[in-house]
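Below is one structure, written out as C-alpha cells, with a few remarks after it.
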Number of protein chains: 4
Amino acid sequence: MAAPVLRRPVFEIGLKGYAYGVEAVRLARAADRIAGDLGVSIVFDPQAVDIAAVARATEHLLVFAQHLDPVAPGRGVGTMLAEAVREAGADGAMLNHSERPMAFGDIGRAIERAREVGLRTLVYADSPEQAAGVAMLGPDIVLAEPPELIATSRSTAAEMRGFVERAVELVGRVDPGIIVMCSAGVQTAEDVTAMMALGVGGTGSSSGILRAADPIARMTEMITAMHTAWAELHPGPAAVTPA
Amino acid sequence: MAAPVLRRPVFEIGLKGYAYGVEAVRLARAADRIAGDLGVSIVFDPQAVDIAAVARATEHLLVFAQHLDPVAPGRGVGTMLAEAVREAGADGAMLNHSERPMAFGDIGRAIERAREVGLRTLVYADSPEQAAGVAMLGPDIVLAEPPELIATSRSTAAEMRGFVERAVELVGRVDPGIIVMCSAGVQTAEDVTAMMALGVGGTGSSSGILRAADPIARMTEMITAMHTAWAELHPGPAAVTPA
Amino acid sequence: MAAPVLRRPVFEIGLKGYAYGVEAVRLARAADRIAGDLGVSIVFDPQAVDIAAVARATEHLLVFAQHLDPVAPGRGVGTMLAEAVREAGADGAMLNHSERPMAFGDIGRAIERAREVGLRTLVYADSPEQAAGVAMLGPDIVLAEPPELIATSRSTAAEMRGFVERAVELVGRVDPGIIVMCSAGVQTAEDVTAMMALGVGGTGSSSGILRAADPIARMTEMITAMHTAWAELHPGPAAVTPA
Amino acid sequence: MAAPVLRRPVFEIGLKGYAYGVEAVRLARAADRIAGDLGVSIVFDPQAVDIAAVARATEHLLVFAQHLDPVAPGRGVGTMLAEAVREAGADGAMLNHSERPMAFGDIGRAIERAREVGLRTLVYADSPEQAAGVAMLGPDIVLAEPPELIATSRSTAAEMRGFVERAVELVGRVDPGIIVMCSAGVQTAEDVTAMMALGVGGTGSSSGILRAADPIARMTEMITAMHTAWAELHPGPAAVTPA
C-alpha cells in the first residue's frame, strides 16, 4: 500500500493519553474519512500499543509514534525501536514534545534512525530559535510552540503572532522544504483559521478535540477550517512536499 | 478469557529490541506452546508496538510491557499508560531495567497504577539490598541481577551464589509471596539448572535466546531445564501465588 | 577538626536556590550559633558552589551537598564527585529530593560512594513504603514526605499523622539506627512542635525559613521549638547515633 | 576586577572528575600563569565545589562551571543556579557535554539564564549539524566533537578534517562571532597543531592533560603549540570577540 502523502496543510491530532484502544481506533477511522474527503494530510499519533490497530484501520492517515528512541536493534529494554515502529505500520514519529523532552544529541540520532527505516519526523521546539536549531537536523516537520501554552485554552492568535512569524522565517532560512506547524492554544475552528493566517504550514489540537463533548464533530470542524483557510491563502494547487 | 496464572517457577524471555513484528509473534507462539505443555509461567515482553499482536496470538503467556510510566490518562506524550497497555492485552509490566532506570518514586507510583488496572509487575534491582527495597513497594516479582553481568556470557552461577542467596533471603523477609528471579549470565540450559539450585523462583534470558542460532530450540531447552530443576528441588505440587 | 556529631533531634535547613553566596554564609553563621548553643544537630545544605565557604565559616553545622552522583574520580562532566565534595568540607549529602529524583540504582551506588569517603547521607522518600525501601540501602537519615506537600503552607500535622507514624514504624523495622525525619508542611515553630509529637527524629524547613520576613528569627524559633519538644518527649539524655 | 577577555584562540582544560580540591587549584595557578604569559584565553572548568577557590586563586583564567541548570532562584534542590555560580566567581558555564546531556529546550533556557547574570556559555554538540543547531541559541562558544572520540587517544586529525571543516562552516553561516572549538582526540602538542590547522577557533584537552605524567608540562606544551599555530595561521592581531 502506498504511504499517505505528506503535504501542506497538515493537521495533527495529538492523542497523548486521552484516548486509547477501541476509542483511539474509532477516532482514527473518523479522521481517516476526513483526510480522504478533503485530501489533507493528517498526522495521528496514538499510544505505542495502539499503532498497529490504527494503521490497519486507516488508509489516509499519517500514523506517527509519540516518541522514538535513537537506538539500534538489540539491547534497549523499554525503548521505541525504529524498525519495530515501522513494521507495526507507522509512517513517522514525533520527537521532543515538552512532555517528553529529548537530549539534543538524541534528537539528531533519532531523526537518522527514522530516515534509515523510512519514517517521517515531526520535532517539537519551544521557541523560534529552537525551531531553527532542530531544523538543522533535517526533520520533515517542526512544530514550534511555547510550552506554557500547551493544553491551555487561552486564545493566543494575537500574542502568538510574533512567535509564529519568526519561527516560520527562521526555519524557512534553514530549509524552506520543512513544514512549520504551530498548535499552541488552538482549541476551536476559529483558532485554526486565525493560526493559519499567520503563515504556518499546519496546525493541530490535542485537548481541544479530546476533551470536547463530541471529539469527531470538533475535529471535523477544525480540519475543515484549516482546509478552507489554506485554499483562500494559497489559491493555486497544493504543492507536494518532496519525501 | 482467564488471565494466565503466575506461579513459581517463572521464566522470562526478554525480547528487548532483538526481535519485533512477525518474528516476535513467531517466538511468542513457540513460547506459548511450551507454557501450555509444561504448565510453567512464562513472562514474554515484546516491544510496545507488538503487545497487541502477541497477546492475540497466545493463550498461556504472561505478556508484559517492557516499561510503564506512572501517569494517569490525559497528558503525557510518549508515555506508556497503564490503561492503554492493559486494553492492548498485556498482563503486566517490567519496571526499572538497568537499560531503562526509573526514579524510585516513579517505581512506586507505576506499581500503584499497574495494580489499579490489573497489571502484574516485575521490578529489576541491582543488588540484594535494592531487591529488598523494591520489595517494600509490593511488586509481584523482583528480578535481581548485577548490571555488569547483563547480556554477558560469563558463567556466573558460582560468583552469583552469594548475591542470589542474599537477595532471596532479604526479599523473603519483606514478603515471602514475592517471586525472586535472577537471570544474570544465564545463556544455556546448564546455566538455568545452576541458577535454580540457588533457590530462585525463576530465571530467564534475553541474548542467550535471541542471539542463539535457533532461538526456539534454545528457549525450549532452557525452560525444560527450569521445569525439571524445579520438580527436583520442590517435589510437592507447585503453589499458586496469590494474585 | 572533629566532624559535627549527628544525633537526634536533627533539623534540616534546606537552602535550595533561595539563598547563595554571602547570604548563604550569613544564614550558616546564624545556624551555627544555634547548633552550638542548643547542642542540636543541624543539617545545612547550600548550593554546591557555596559548600566550601559555608564549611569554613561554621563549626557545628552538618554541611550537606544538595546532591551527589554515583561516580568515581575520572570522567563525569557536570557531576558531583564524592571525593571533591568531601575535600570541600562537606559532612554529607542529600539524595533523591523530589526536585532532583534519582534512579533507585543510583541512590544505592551514591550511598556507597558517600560511605567510602566519609560522607553522611540523607535520602528523601515519597511514601512510608519508599522510606523503608531506601532504608534497606543503609543511609544515615531518611526524610519522608509526600511530594505534593513540599513548599506548601497547608497545615498538615493532622493529615500527616498516619503517613509519619507508618514511616517511623516501617523504617524502624529495617534499622532502628536510621533517623526518620519529616518536614512536609512545616513552616512555623507550632508546625515543628506538632511534627515532633508524631515521633520523628527530626524535621526541617526550606521555604518556611527562606521566605520568612526574618529568616534568622524564624529558624531560631523553629529549632528552639524542636529542642524543647524533644526534651519533653524524651526526658533522658540524647543518644548518639553510631557513625 | 575586570573579567578575563574571551578571544580566539581559546584553550579548554576540562577537569571533569580527574582533579579537585588543592590539586585543582594547583593546576589552575599553573594555567593562569600560561594565560598571562601568552595572552591566550583559557577556559578552566573545575568541579562545582572548587569554583570559588579556583576563581580566587587566578586572574587570567575563564573559570567555567561544568554545568548550569535552566532554573531561577527559589526551588530546585541539587541544581546549579546561575546567580550562585556567578557570585562564586565563575565567568561562564559549559552545557550539554556528552557526559551530561541536556534537553534541547533546557540548553536554550540555560543560555538565557547565563546571559541574564553575565556568564559566558560553551555548548557541546555531537555533529556539525548539531553545532549549527545550538549556534541558533546564541552561545559564545560551540565545541563540536563526535562523542565516540572523547577521552580516546586515537589520532584523529585526519579523520576529523571533514567533521571540523563542516562544523566551522555551518556555525559561521549562523553567526561568525561564535567561536568554534574541537578537542576530540587531542592529547598532545602535535594534536593541537594539527587541529588548529583545520580552522577552529580553539581546542582543548581533558584526559590528555590530566592523565599525563606531568600535567603542567603537558598543558604548557599544548597551549604553547596552540599559540604558535594561531600566530602562523593568522598573522594579524587577534580580534576580540564582542561580549
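The values are calculated or read from the model by the stated rules, or taken from the named source; none is laboratory data. Quick caveat, the model's predicted, so the values are computed rather than measured. Glycine gets a Cβ as well: all are built from the backbone with ideal geometry, and neighbour counts include every protein chain shown.
A few notes on this one:
- Applying the criterion of being touching an Asp or Glu at 6+ places or on another chain (Cβ under 9 Å) and not aliphatic (A, V, I, L, M) to the residues of region D:1-22, the residue that is nearest to residue D:61 (Cα to Cα) is D:4.
For (1) crowded, with 24+ Cβ neighbours inside 10 Å; (2) free of Cβ contacts under 8 Å to residues at least 60 places away in the same chain; (3) under 20 Å from residue A:113 (Cα atoms); (4) out of contact with any His (no Cβ under 7 Å at 6 or more places or on another chain), each residue gets a yes or a no:
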| position | (1), (2), (3), (4) |
| --- | --- |
| A:23 | no, yes, no, yes |
| A:33 | no, yes, no, yes |
| A:51 | yes, yes, yes, yes |
| A:77 | no, yes, yes, no |
| A:96 | yes, yes, yes, yes |
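- Evaluated against (1) touching a strand residue (DSSP E or B) at 6+ places or on another chain (Cβ under 9 Å); (2) part of a loop (DSSP other than H, G, I, E, B), residue D:219 falls short on exactly one condition, (2).
- Close Cβ contacts (under 6 Å, 6 or more residues apart or on different chains) running from residues in region C:171-198 that are touching a residue at least 60 places away in the same chain (Cβ under 8 Å) to residues that are in a helix (DSSP H, G or I) and surrounded by fewer than 21 Cβ atoms within 10 Å (Cβ to Cβ) comprise C:196/C:229.
- Scanning region B:81-93 for residues that are under 20 Å from the mean Cα position of the chain (by Cα) and closer than 15 Å to residue B:112 by Cβ yields a count of 6.
- Criterion violated by residue B:181 - all others in (1) among the hydrophobic types (A, V, I, L, M, F, W, C); (2) more than 17 Å from the chain's Cα centre (by Cα); (3) at pLDDT 95 or above satisfied: (2)
- One residue from C:200, C:174 being β-branched (Val, Ile, Thr) and within 18 Å of the chain's Cα centre (by Cα): C:200
- In region A:65-75, the residues that are among the acidic types (Asp, Glu) and surrounded by fewer than 21 Cβ atoms within 10 Å (Cβ to Cβ): none
- Take the conditions (1) touching a Gly at 6+ places or on another chain (Cβ under 7 Å); (2) under 25 Å from residue A:122 (Cβ atoms); residue B:85 misses just one of them, which is (1).
- When every residue of region D:208-230 is checked against the conditions, at least one turns out to be crowded, with 24+ Cβ neighbours inside 10 Å and of a type in the set (Gly, Ala, Ser).
- Residues of region B:108-148 that turn out to be touching a Phe, Trp or Tyr at 6+ places or on another chain (Cβ under 7 Å) and more than 8 Å from chain C (Cβ to nearest Cβ), as a count: 4
- Residue list for region C:179-199, restricted to those being in a helix (DSSP H, G or I) and polar (S, T, N, Q): C:193
- Residues of region C:128-163 satisfying the condition of being hydrophobic (A, V, I, L, M, F, W, C) and either at pLDDT 95 or above or within 25 Å of residue C:115 (Cβ to Cβ) (or both): C:131, C:132, C:134, C:135, C:136, C:137, C:141, C:142, C:143, C:144
- Count - residues of region A:71-104 that are farther than 17 Å from residue B:47 by Cα and aliphatic (A, V, I, L, M): 4
- Meets criteria (in contact with a helix residue (DSSP H, G or I) (Cβ under 6 Å, 6 or more places away or on another chain) and either within 26 Å of residue C:103 (Cβ to Cβ) or more than 8 Å from every other protein chain (Cβ to nearest Cβ) (or both)) for residue B:3: no
- For region B:200-243, a residue qualifies if it is at pLDDT below 95 and farther than 21 Å from residue B:15 by Cβ, and the qualifying residues are B:234, B:235, B:236, B:237, B:238, B:239, B:240, B:241, B:242, B:243.
- The lone criterion from (1) at pLDDT 95 or above; (2) over 21 Å from residue C:49 (Cα atoms); (3) of a type in the set (A, V, I, L, M) left unmet by residue D:77 is number (2).
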